[in-house]
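Rule-based calculations on the coordinates, nothing more; no lab input. Remember, predicted model here, so these are calculated numbers, not experimental data. Note: ideal-geometry Cβ built from the backbone for every residue, glycine included; neighbour counts use all protein chains shown.
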Amino acid sequence: MAILPTVIKMDTENLINNSIFDLLGRFSHQQIVFCNDEEVGLKAIITIHNTTLGPAIGGTRMLEYRTEEDAIRDSLRLSKAMTYKSAITGVNFGGGNAIIIGDSRTQKTEVLLRRFGQFVNELNGSYITSLDIGTNPRDMEIIKMETPYVAGLPSSVGGSGDSSPFTAKSVYYGIKAGIKELFGNDSLAGRTVLVQGTGQVGEGLVALLRNENAKVYISDIVEDRMIKVANKYGAEIVQNNRIYDLDIDVYAPCALGGTLNDNTIPRLNCKIIAGSANNQLEDEGKHGKMLLERGILFAPDYLINAGGLISCYSELAGYSSSRTLELAENIYEATRSVIQRSRAENISTHLAANKIAEDRINSIKIINNFKSN
Ligand code: NAD
């Protein structure tokens with residue numbers, strides 16, 4: 001279950017010149033925990049950005065980093081991004097992250113994961129871990145041997161399993177919200193949509209769109225997969241060099257990040273951008289503004305790809321998959337609110353989403369203070 005957050009950029013370039021406390025203070029992080037066990041070879045960082053809305057959730061990323069400072073920087077960024085993702089999605093989680101420094105292919109062992117689980121457990125539920133790059137559902141099962149504060153388990157052991165159907169559904173609701181705001185009704189019949197990437201999420205999205213008689217174009221770098229999806233759902237294949245110039249209603253990036261940049265934005269011939277890929281805006285400030293100026297409606301990726309987070313939420317709450325799908329439907333109204341705020345304040349949708357997330361956190365902070373008094 002991937003709950004990879006969109007990375008909200010922050011200036012941590014000068015980590016070495018700043019104390020850790022300066023950095024934690026600058027972006028209001030609450031806590032950073034360094035986990036070290038030489039005997040099992042564990043070096044890990046757990047970062048808690050904000051727990052106003054609930055326990056901090058965020059994946060465990062196992063990766064080799066050039067320096068320890070790079071790992072800290074990544075953890076600080078990712079945990080902050082999770083705070084925003086949870087807040088805008090309307091779930092009661094805060095933002096956290098964990099990094100295990102190492103090569104997941106060669107250094108991941110049962111004892112290392114279980115020792116890491118013990119460190120997570122020592123935080124008594126203020127941090128809940130899940131999947132990220134370098135970890136998988138089986139790893140979560142192993143971590144669970146030491147702590148209950150874990151999500152993303154396989155469905156065979158009571159977890160929520162593969163999150164991509166929920167992500168496809170949340171993206172679908174993001175697209176419908178954009179269509180509604182632009183055309184006055186959210187029918188997809190006859191609308192033209194390009195799905196870039198026909199992987200787990202992309203294929204699920206193609207199925208949902210075709211089910212409502214949208215005209216669907218697809219592109220992928222893996223030809224076999226693309227042909228299979230085209231034949232199965234009646235979608236039309238588009239060569240990769242044509243995708244940014246295509247005259248369509250919706251461009252749905254479901255492959256990789258950074259596709260909205262100085263080169264592509266001037267070429268785009270679509271009215272709405274709404275897809276699952278993380279970090280679609282190469283530069284959030286600059287490219288969010290460029291899309292606003294070009295009158296192209298951008299549904300923020302970190303909101304509409306929140307299916308993975310929603311399925312973790314359901315898993316921990318013990319909800320059924322039908323309840324998870326209902327929760328994914330909330331993305332429709334949430335996306336409309338973002339678009340309306342962006343219009344009202346003439347700001348990019350990305351900025352509008354950030355403001356809505358901050359408003360929710362600040363308002364809940366008030367009642368939390370009331371509770372603790
Ligand atoms: P996936 O690996 O199953 O599919 C990605 C597809 O994109 C593959 O078929 C790949 O061949 C294709 N691709 C790669 N580069 C391409 C390119 N340049 N042009 C066209 N196609 C290209 O991944 P997924 O699980 O479907 O996720 C898709 C995206 O959504 C990823 O960016 C992922 O981080 C993001 N996301 C996924 C989830 C989830 O629940 N799976 C949740 C949030 C975000």
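Can you tell me the orientation of helix 321-345 relative to the chain, as the angle in degrees between its alpha-carbon axis and the longest Cα principal axis, to the nearest 10?
70 degrees
Per DSSP H run of at least 4 residues, take -39500 (n - 2.57); add these up for the chain, divide by its residues and hand me the 222 nm value, nearest 500 deg cm²/dmol. Please report the intermediate quantities before stating the final value.
Working: 12 runs with 168 residues, N = 373.
After summing the helix terms and dividing by the residues of the chain, the value is -14500 deg cm²/dmol.
Cβ neighbours within 10 Å, averaged per peptide: list 185-195, 94-104 in order, most packed at the top. If you can, show how the numbers build up before the last one.
Details: 185-195: 18.5, 94-104: 24.4.
Highest mean packing first, the order is 94-104, 185-195.
With everything on Cα atoms, drop me the angle between helix 349-372 and the longest principal axis of the chain, reported from 0 to 90° to the nearest 10.
Roughly 40 degrees between the two axes.
Cα centroids of the stretch 70-124 and the stretch 43-63: how far apart, whole angstrom?
So the separation of the two Cα centres works out to 4 Å.
Among all the lysines, which ones have a C-alpha under 23 Å from Lys286's C-alpha, if same-chain residues fewer than 8 places away are not counted?
Counting by Cα, and skipping residues close in sequence, Lys286 has these lysines nearby: Lys9, Lys80, Lys85, Lys271, Lys355.
May I ask you to give the average projected area over all directions of the convex hull of the Cα atoms of the chain, in nm² rounded to one decimal?
Here the figure is 19.1 nm², rounded to one decimal.
Place the peptides 197-203, 138-144, 230-236 in order of packing, highest mean first, counting for every residue the other Cβ atoms within 10 Å and averaging per peptide.
Values: 197-203: 23.6, 138-144: 20.6, 230-236: 15.1.
Final packing ranking: 197-203, 138-144, 230-236.
Between Phe298, Gly184, Asn346, whose Cα lies farthest towards the positive end of the dipole of the stretch 164-358 when Lys and Arg beta carbons carry +1 and Asp and Glu beta carbons carry -1, centred on the Cα centre?
The Cα lying farthest towards the positive end belongs to Gly184.
Assign unit charges at the C-beta atoms only (+1 for Lys and Arg, -1 for Asp and Glu), then state the dipole size of the chain relative to its Cα centre in Debye, rounded to the nearest 20.
Rounded to the nearest 20 debye, it is 880 debye.
Please give the peptides 294-303, 83-92 ranked by average Cβ packing (other Cβ atoms within 10 Å per residue), highest first, as a rough proxy for protection.
The peptides rank, most packed first, as 83-92, 294-303.
What length, rounded to one decimal in nm, is gained on full extension from Asp262 through to Glu38, with 0.36 nm per residue of separation minus their alpha-carbon distance?
Contour length minus Cα-Cα distance gives 76.0 nm.
Along the charge dipole of the chain, pointing to its positive end and built from +1/-1 on Cβ of Lys, Arg, Asp and Glu, which listed residue (Tyr244, Ile100, Val120) has its Cα farthest out?
Positive-most Cα among the choices belongs to Tyr244.
Once both axes come from the Cα atoms, what is the angle between helix 200-211 and the longest principal axis of the chain, in degrees from 0 to 90, rounded to 10?
30 degrees
In terms of Cα to Cα distance under 15 Å, which aspartates and glutamates are near enough to Lys215, apart from those fewer than 8 places away along the same chain?
Cross-link targets: Asp186, Glu203, Glu236, Asp247, Asp249.
Treating cross-link reach as a plain straight distance, find the aspartates and glutamates whose alpha-carbon is under 19 Å from the alpha-carbon of Lys43, omitting any fewer than eight places away in the same chain.
In chain and number order, the partners are Glu64, Glu68, Glu69, Asp70, Asp74, Asp103, Glu110, Glu122, Asp132, Asp139, Glu146.
I want to check the label-to-label distance for Ile367 and Glu326. Put each point 7 Å from Cα in the C-beta direction and report it in nm to one decimal.
According to this spin-label approximation, the distance is 1.9 nm.
Rg (Å, one decimal) plus Dmax (Å, integer) for the alpha carbons of the stretch 177-244?
Computed over the Cα atoms of the stretch 177-244, radius of gyration and Dmax are 12.1, 38 Å.
Any chance you could tell me what percent of the C-alpha pair distances in the stretch 164-358 go past 26 Å?
Percent of Cα pairs beyond 26 Å in the stretch 164-358: 26.
Modelling each spin label as a point 7 Å along the Cα-to-Cβ direction, I'd like the Glu333/Glu68 distance in nm, to one decimal.
If labels sit at Glu333 and Glu68, their model points lie 4.8 nm apart.
Using a Förster radius of 56 Å, what is the FRET efficiency between Phe183 and Arg138 based on their Cβ-Cβ separation? Nearest 0.05, please.
Computed FRET efficiency for Phe183 and Arg138: 0.80.
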